[in-house]
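Notes for the one structure printed next.
The values are calculated or read from the model by the stated rules, or taken from the named source; none is laboratory data. All values derive from a computational prediction rather than experimental measurement. Neighbour counts run over all protein chains shown; Cβ positions are idealised from the backbone, glycine included.
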Amino acid sequence: MSTTAADDTVVEEAEVTDAVREAIAKAFADELGDAFLDQHITPGRDLWIRVDATAWVQAATFARDKLGMTWLDYISAIDWLPNPYGREMDAEQDWVVHGGGPNDKDAEEMTSGVAGGHTRFQALLRLYSIEEQIGVHIKADLDDSAPAIDTLIPVFAGATWHEREMWEMFGINIIGHPDLRVLYLPTGFEGNPLRKDYPLVSRRVKPWPGIVDVEAMPGADDDADGEATDGEANE
Amino acid sequence: MTTDINAEFDITNNEQLRYIAAQAADARVNVELETEGMTLNIGPQHPATHGTLRIVARLDGEQVISAEPIMGYMHRGYEKLTEVRTYPQVTTLINRIDWVGSFANEVPFILAAEELMEVEAPPRAQYIRTALFEMGRIANIMLFLGDMAVQLGGVTAIFYAFRDREFVLNQIESATGGRFHPNFNRIGGVKDDLPAGWIKETKSSMQKVRDFCDEMEDLVVGNEIFQARCRGVGIIPADVAMAYGLSGANLRGSGVDWDLRRDADSPLAWKDLDWKVWTHPDGDSFSRYWVRLQETREATYMVEQLLDGLPAGPVMAKVPRIIKVPAGESYVQTENPLGAMGYYVVSKGELTPFRVKIRTASFSNMSISPWLLEGVLVPDIATILASLYFILGDIDR
Amino acid sequence: MNPLISSFLAINPPYWVDTLAKIGIGLVAVLLPTGALVYLFLFKMMSFMQSRLGPMETGPYGQLQLLAEFGKFLQKEDIFPSKADRFVFAAAPFVVLVSTFMLVLVLPGGPDTHFVDLNTGIYFAMAVSSVSVIGILMAGWGSNSKYSLLGGIRAAGQLIAYELPLVLSVVGVVIMAGTLNMKGIVAAQADFGVWFIIPQIIGFFIFMVAVQAELTQPPFDMPVAESELVTGYLTEYSGMRFLLFFIGEFATAAVFSAIGATLFLGGWTVPFVDANAEIMDYIGPLVLAAKMVFIAFLIFWFRITYPRFREDQLQRLAWKFLIPLSLFNIVVTAIFKVVF
């Protein structure tokens, strides 16, 4: 219990495989069958699996009961929509003021992260086993038009607050949650702040100051590794 | 006044009307008294809650029927803000989540970014990081040790805590430039090397912290009233704690032997040190206080070991001036002073992160409070919340 | 007519002058020690024990801080919570103060220095001190605030519970002295040779604990539990009314300390000095003041150090521990008094 459980089989410069995490992924695949969609392992670090949203509770129950992952880390979500507001760090000038830029952004494809995914919203759950010192990230694609997921309260009592936050920040309906109220936001708040199309108001009002004045670091004009200095307006 | 209540009701009879009105008023009072308990708002402006926390307690006399914390008075929207900040800017921002042990907030994020960039900080930087991390822990828990006594009424302990904390904060300041918000981590190492004479002074301040811990052991832990108020109050069974995601001393106070410093594979220097993890089987408020007291002492020994074995070398790896973290997702969790804090960083290869999910310890720690506060007496609310030890910035982000 | 004043001034003033003089001296006798206690113990001793300095700016070493506080409270707005019962709310501090000022009447300052020579001195003192409970309840109820109500109810339970040990601990002293008269008790200690604290050590302990509770000082400050109830029954008071409560709290501490000094530490007597000497008429009050400061020091020392009890623990302490202990003390004292 005091040594890391990740079992790295280093094969020279070739692929590093993580036998323990492979086994866990396989256990999920066996249990969930068709609902098990994808997996990703960063060897020695972490395991991601993607399941169908209908198997959310089943996956969590399986992890808790059979894999010993009794510790609830967090439940959250990711919004994969690229930010439609153009005032980003790489802007050479403020797009809203000077034009250009954001039009390209509209065409930017929405990509998902590790373990794949097709939808805009993905639910993210992390469970951890204190005995084995190993955890798993479980992702699930949610319906774009009406994102919804089952509640995990029957499995982990501590899911209450995490799901309330998910609901208020992303607008994801938690099916079966007994007490869906706002957690952080004032009562009667309209909108879901963590959605990408919810603007960060301060940025609408005032652009990133970095566009205005980025000075060269004193005496450090060389960039190590020869990285291009993109997105920096040198006055 | 004698009213024959059996007499025929006569609307013009003033006496009868007065009598009926009195009966009605009486009945209203009785109905009101039948309601379930009194709702008491504790906070958000309150002299002794840890910041702007509001607890809505429904009481039946002195007994709590239900108590629910209402948060969000300090919600600053960190997860949204990180989407428009470069990685070094995010470091400055996240300092302020747990503002008492603030160096510790930066570390998991920096480690996650370094993992995606496949950059390793040099050993000297890792040692310095670990030393400052532990000093942040010491500063944080010293506050707790004094504060829990204050919540229970023993006002003197917190002055000693603040006085002795100054030694640690002075050391943090002389190394990083900031007492509370060091902002010292950089992707690839730390910003600067240590100033001259820092090691010696830090070791002497560690001795002062140990003296303080002995004093607290005498003044607070040994105090019969403190024990009477804390023992058996707010017992959290280990399985309930795990279902709620409790971490840190809250979990170790329930007997679960888990410490991310020892158990997780971290590039920081903990595995080079000789130290032990403290647990207590009881799971009540006293055991959480006791575990934190021992942890503070243990942290001082760790800092001394780190400073003794400080390797020479650079404090910063070669990283480009403009940090663009390659695409990927990574999650790093460390044993912060308040518990297990983790950052889930989603990067799309740009200057700014795409999504950062900040998993804070106090959020999960506090999620157990509605369950825990049912059926206790009103003074126990203060004891239990003090022993769970949250920082509002950590709950509200 | 007080023989001291008549002998000192060599005149025989009329009754009303005499009464006015006594009222004036009484007010001074209460307020001056109160001020001294507040400065010495609350500002300075508490600060030093908490490794800080306390007020230093106002006057040399902050000695004029009291004056500054007085002025500050005077010029504050007199706030009445809406829907508060105005009469009850306004009268509450005065009820508490009245009981305190009446307590000082029975204190003997010397063989001939006293306000009134009551044969039921200590009995009167105990009875009158209970009146402050009403004042606190009035404050808690009249504020129309849930915090105050909780504080007031806790106070009622606590103060009534600790009345009994207070009275019973005094009974041991009364048995040894053979009289309820305060002057008689002092004289009995002079006769007995050793102050009653030695034979009545259990009674002294119970008395100190009960006084701590009667003053709602930590560890018995549930009614004013800062971390839960803001200031309990005092929450809605501001300005002058709060100052009245504040004065009441410290005045009661001063007077109870003086009563404790009289009962257990020999009052105004000094060892090796004849108790009836005329010099004691003038030095006696000073001696009593010194002893009062010592007992007040103990009270405030406990206040600063200990966390507070929960009420059920508090009540258990009173009913299940202090009362049986004080009864035991009485029995032992009685047996000793009869046998020896």
Review point. Is one or more of the residues making up the range C:76-89 surrounded by fewer than 19 Cβ atoms within 10 Å (Cβ to Cβ) and at positive phi?
Key: yes
Practice item. Look at residue A:131 and say whether it is modelled with pLDDT of 90 or more, more than 19 Å from residue A:29 (Cβ to Cβ) and not in a strand (DSSP E or B). Key: no
Review point. In the range B:354-372, what residues are part of a strand (DSSP E or B) and more than 10 Å from every other protein chain (Cβ to nearest Cβ)?
Key: B:356
Check your understanding: From the list C:185, C:198, which one is among the β-branched types (Val, Ile, Thr), away from chain B (no Cβ under 14 Å) and surrounded by 21 or more Cβ atoms within 10 Å (Cβ to Cβ)?
Key -> C:185
Exercise for review: Output the number of the condition that residue B:294 fails; it satisfies all remaining conditions of (1) in contact (Cβ under 8 Å) with a residue 24 or more places away in the chain; (2) polar (S, T, N, Q); (3) more than 18 Å from residue B:369 (Cα to Cα).
Suggested key: (1)
Review point. What's the number of the condition residue A:159 fails, among (1) buried (at least 23 other Cβ atoms within 10 Å of the Cβ); (2) in contact with a Ser or Thr (Cβ under 6 Å, 6 or more places away or on another chain)?
Key: (2)
Check your understanding: What are the residues in the range C:108-144 that are of a type in the set (Ser, Thr, Tyr), closer than 27 Å to residue C:24 by Cβ and assigned to a loop (DSSP other than H, G, I, E, B), if any?
Key -> C:113, C:120, C:130
Revision key, fill the gap. Over the range A:45-80, the set of residues under 20 Å from residue A:160 (Cβ atoms), of a type outside the set (D, E, K, R) and facing chain B (nearest Cβ under 8 Å) is A:70, A:71, A:72, A:74, A:76
Review point. Just for helices (runs of 4 or more DSSP H) wholly inside the range C:269-340: which have at least 3 residues that are more than 14 Å from chain B (Cβ to nearest Cβ) and touching a Ser or Thr at 6+ places or on another chain (Cβ under 8 Å)?
Key: C:279-305
Point to revise | Residue under evaluation residue B:303, criteria (1) more than 19 Å from the chain's Cα centre (by Cα); (2) β-branched (Val, Ile, Thr); (3) in a loop (DSSP other than H, G, I, E, B), criterion not met | key: (3)
Check your understanding: Taking the condition more than 18 Å from residue B:351 (Cβ to Cβ), within 14 Å of chain A (Cβ to nearest Cβ), part of a helix (DSSP H, G or I) and of a type outside the set (S, T, N, Q), does residue B:108 pass?
Key -> yes
Review point. Can you name the residue in the range B:312-324 that is modelled with pLDDT of 85 or more and touching a Pro at 6+ places or on another chain (Cβ under 8 Å) and, of all such residues, is surrounded by the most Cβ atoms within 10 Å (Cβ to Cβ)?
Key: B:315
Check your understanding: If you check residue B:295 against the conditions, is it among the charged types (D, E, K, R), surrounded by 20 or more Cβ atoms within 10 Å (Cβ to Cβ) and in contact with a strand residue (DSSP E or B) (Cβ under 9 Å, 6 or more places away or on another chain)?
Key -> no
Practice item. Just give me the residues in the range B:335-353 being more than 8 Å from every other protein chain (Cβ to nearest Cβ) and more than 14 Å from the chain's Cα centre (by Cα), in sequence order. Key: B:343, B:345, B:347, B:349, B:353
**Study point:** helices (runs of 4 or more DSSP H) within the range C:16-103 that include 3 or more residues within 30 Å of residue B:164 (Cβ to Cβ) and either out of contact with any Asp or Glu (no Cβ under 6 Å at 6 or more places or on another chain) or away from chain B (no Cβ under 14 Å) (or both)
**Key:** C:46-49
Revision key, fill the gap. Of the listed residues (C:217, C:212), the one being within 25 Å of residue C:28 (Cα to Cα) and part of a loop (DSSP other than H, G, I, E, B) is C:217
Check your understanding: Somewhere in the range B:200-215, is a residue modelled with pLDDT of 90 or more, within 14 Å of chain A (Cβ to nearest Cβ) and surrounded by fewer than 15 Cβ atoms within 10 Å (Cβ to Cβ)?
Key -> no
**Study point:** Residue satisfying all of: in the range A:172-209; within 22 Å of the chain's Cα centre (by Cα) and polar (S, T, N, Q); modelled with the lowest pLDDT among these
**Key:** A:192
Exercise for review: Quick one: residue B:376 ticks every box in (1) within 13 Å of chain A (Cβ to nearest Cβ); (2) surrounded by fewer than 24 Cβ atoms within 10 Å (Cβ to Cβ) except a single one, so which number is it?
Suggested key: (1)
Check your understanding: Does the range A:161-198 hold any residues that are within 10 Å of chain B (Cβ to nearest Cβ) and in contact (Cβ under 8 Å) with a residue 24 or more places away in the chain, and which are they?
Key -> A:162, A:165, A:168, A:169, A:193, A:194, A:195, A:196
Revision key, fill the gap. Given (1) surrounded by fewer than 21 Cβ atoms within 10 Å (Cβ to Cβ); (2) at pLDDT 85 or above, residue C:285 misses just (2)
Point to revise | Tally, over the range B:160-188, of residues that are in contact with a strand residue (DSSP E or B) (Cβ under 8 Å, 6 or more places away or on another chain) and within 14 Å of another protein chain (Cβ to nearest Cβ) | key: 2
Check your understanding: Out of all the residues in the range C:27-39, which are crowded, with 17+ Cβ neighbours inside 10 Å and either hydroxyl-bearing (Ser, Thr, Tyr) or over 13 Å from residue C:248 (Cα atoms) (or both)?
Key -> C:29, C:34, C:36, C:39
Exercise for review: Please verify whether the range A:81-90 includes one or more residues that are modelled with pLDDT of 85 or more, part of a loop (DSSP other than H, G, I, E, B) and in contact with a helix residue (DSSP H, G or I) (Cβ under 8 Å, 6 or more places away or on another chain).
Suggested key: no
Check your understanding: Do we have any residue at all in the range B:67-90 that's outside any helix (DSSP H, G or I), out of contact with any Pro (no Cβ under 7 Å at 6 or more places or on another chain) and closer than 28 Å to residue B:318 by Cα?
Key -> yes
